[in-house]
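To keep things clear, I will list the structure first and then write my remarks on it.
Values in this text are rule-based calculations from the coordinates and carry no lab data. In this text the structure is predicted, and so the values were computed from the model without any measurement. Backbone-built Cβ (ideal geometry, glycine too); neighbour counts: all protein chains shown.
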């Protein structure tokens, strides 16, 4: 007996079961109940009964008193069927969705449909739990249903008419209902404003081809329930979509930081419960989510909930992705704001910048347009850019200065993924770099492998700053040459990734602050001064070239054989020369 029926059918089954149990009833009885209790139309009732019969829930028999009449009987109460999808199941579903849209449709439509399906399925589970609890407390069925619809039992206010199954029932009006539904959901849930309503489904389906793609996407997502999928699995699936389309979006200027690079950065910075984490260029929220997961893995999910997450993003559409990403990961307390971080920093305390324990980012590399004249228009510019202004063609050290200004003086740790050029370029950047170095805030410089990023083949670097270094690290900088620490990307032939072993090796080097030939070296600030404040990693530690391993015993034995053969050939050649002399 199939139990995988749409929610809108299951809802009617429960109503009929609550009324008739396993007793018999006529069509007119079913229609009266459904019309009264669920506001269904008379002509819709045959469809519901047909669906229940196909699913094996409904038996049909003849009335012994009148063979022309049919009697219906529901099978006994069926236990809730919880289809727990694994990581592979969800990714396979999304892979089919990605193949369906290919590059013709923006992947954000997939993410919004995934999000809506998730919160709709979750709402139904929340309703059922609240309904049963209300019945157990002595409420009538009608009172229990009214109680279970109250907002306090649900993550989001989701009107039943805009539940997933309600939206998909009538294909002809799908686009209009979906568009209207997303707007209503955004209105009723302020935290979803400019999130679920951030794309225009009406405009999207103006072509017949796209309308068909939308219909197929909706039916595809309708195949499986997402209410019992764990937040980690669904969150990873969301990230999978972002990663899958990253090569295409990189050509349009969107920045996607490989999650392995983020994991390395978070491993090094090691956020802890009750600390605050801030990303001033948060993109789709990957670094904040990684910090949350890091704390959860080490201290438990309850402790992860005590981490305070803050982010700002200048692209409204990408900020919407970040907010959905947080909700998909069951993170409700992240503070994400829209705006240009340089001009309008959103996080403040009194008349100053807000300070954080951990500041982390992969800002746009070599961002143009933030010279002195522009930066001076920003709030708190004196507080943020006290080490000097940067050239108009590269804002790298402006980002770093903002991050340093946003870090607490005692616990503040800063980690930034940045272009290698900012480590050694001269002019204004050198002036800022040398001033920061003289404050002894630079703790570690990591040279990454090449071909890690979707939008550039350049290797990139990670800079770690600490405002209050441990005594044993004062006046010292750890240089790590991780240019050889990579694996071949499993999906993109031209790219590399940081493997688990690579991440652990680099993170351990930072933790131990030790030295390893060709990989890591601790350098005093005096040596950096002698090198004119150049932080280029290869200036301090050059990666060992992989040499061929030599088996000395074997090579010596082969050498002896060759030596004996040489002697034999020489002796034979001498004999030939002697005979030639005799002949001449």
**Report entry** Relative contact order [Cα under 8 Å, 6+ residues apart], region 410-484, whole percent
**Finding:** 42 percent
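Of all beta bridges DSSP finds with both residues in region 245-539, what is the antiparallel percent, to the nearest 5?
On the way: 21 of 40 bridges.
Within region 245-539, antiparallel bridges account for around 50 percent of the total.
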Query raised in the report: Okay, which of region 300-335 sit inside 15 Å, backbone N to the point 7 Å along the Cα-Cβ direction of residue 193?
Result: 320
Report summary line: In whole percent, the Cα-Cα distances of region 363-440 spread across 10 Å bins from 0 upward as 19, 57, 23, 1
Query - Label-point separation, residue 366 to residue 59 (7 Å along Cα→Cβ), nm - result: 7.6 nm
Query - region 87-243 - Rg and Dmax from Cα coordinates, angstrom - result: 16.5, 55
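Give, to the nearest whole percent, the P(r) tail of the chain beyond 44 angstrom, counting all Cα pairs. Mind showing how you got there, number by number?
Numbers: 62617 of 170236 pairs.
In whole percent, the long-distance tail amounts to 37.
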Query raised in the report: Which residues does a label at residue 351 reach in region 375-393, if reach means a backbone N under 17 Å from a point 7 Å past the Cα toward the Cβ?
Result: 379-384
Report summary line: Exposure-ranked with fewest Cβ neighbours within 10 Å first, 27, 115, 486 stand as 27, 486, 115
Report task. State the extension gain, in nm to one decimal, for the chain segment bounded by residue 212 and residue 409, taking 0.36 nm per residue of separation less the distance between their alpha-carbons. Result -> 65.3 nm
Report summary line: Computed over region 340-433, the relative contact order (Cα-Cα under 8 Å, seq sep at least six) in percent reads 36 percent
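Order of 160-166, 17-23 by packing, highest average Cβ count within 10 Å first? Display every interim value, and only then the final one.
Numbers: 160-166: 18.4, 17-23: 13.7.
Descending packing order for the listed peptides: 160-166, 17-23.
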Requested in this report: Specify the angular offset, from 0 to 90 degrees and rounded to the nearest 10, of the alpha carbon long axis of helix 316-328 from the longest principal axis of the alpha carbons in the chain.
Outcome: 70 degrees
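What list do you get for 207, 483 if you sort them by fewest beta carbons within 10 Å? Numbers along the way, then the final one.
Details: 207 11, 483 17.
Final ranking by Cβ density, sparse to dense: 207, 483.
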Requested in this report: Could you sort 562-569, 333-340, 278-285, 45-52 so that the peptide with the highest average Cβ count within 10 Å comes first and the rest follow in order?
Outcome: 278-285, 45-52, 333-340, 562-569
Query raised in the report: For labels at residue 316 and residue 17 in the simple 7 Å Cα→Cβ model, what's the distance in nm?
Result: 4.6 nm
Query raised in the report: What is the antiparallel percent of DSSP beta bridges lying wholly in the chain, to the nearest 5?
Result: 60 percent
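Expressed in nm to one decimal, what extension gain is obtained for the pair residue 558 and residue 526 from 0.36 nm per residue of sequence separation less their Cα-Cα distance?
Values: separation 32, 0.36 × 32 = 11.52 nm, distance 5.07 nm.
Working it through step by step, the gained length comes to 6.4 nm.
Where does each of 123, 42, 8, 155 land when they are ranked from fewest to most other beta-carbon atoms within 10 angstrom? Intermediate results must be reported in sequence, preceding the final value.
Working: 123 23, 42 12, 8 20, 155 15.
The fewest-first ordering by Cβ neighbours comes to 42, 155, 8, 123.
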**Report entry** Within the chain, helix-based [θ] at 222 nm, where runs of 4 or more DSSP H residues each add -39,500 (n - 2.57), nearest 500
**Finding:** -14000 deg cm²/dmol
Query raised in the report: What angle do you read, to the nearest 10 degrees and between 0 and 90, between the alpha-carbon axis of helix 174-188 and the longest principal axis of the chain?
Result: 80 degrees
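Run the numbers on the chain and let me know its relative contact order in percent, using alpha-carbon pairs under 8 Å that are six or more apart.
Details: 859 pairs, mean separation 50.4, N = 584.
9 percent.
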Report summary line: Helix 259-269: inclination vs the chain longest Cα principal axis, degrees, rounded to 10, gives 70 degrees
Query - Alpha-carbon Rg with Dmax, taken over region 245-539, Å - result: 18.0, 51
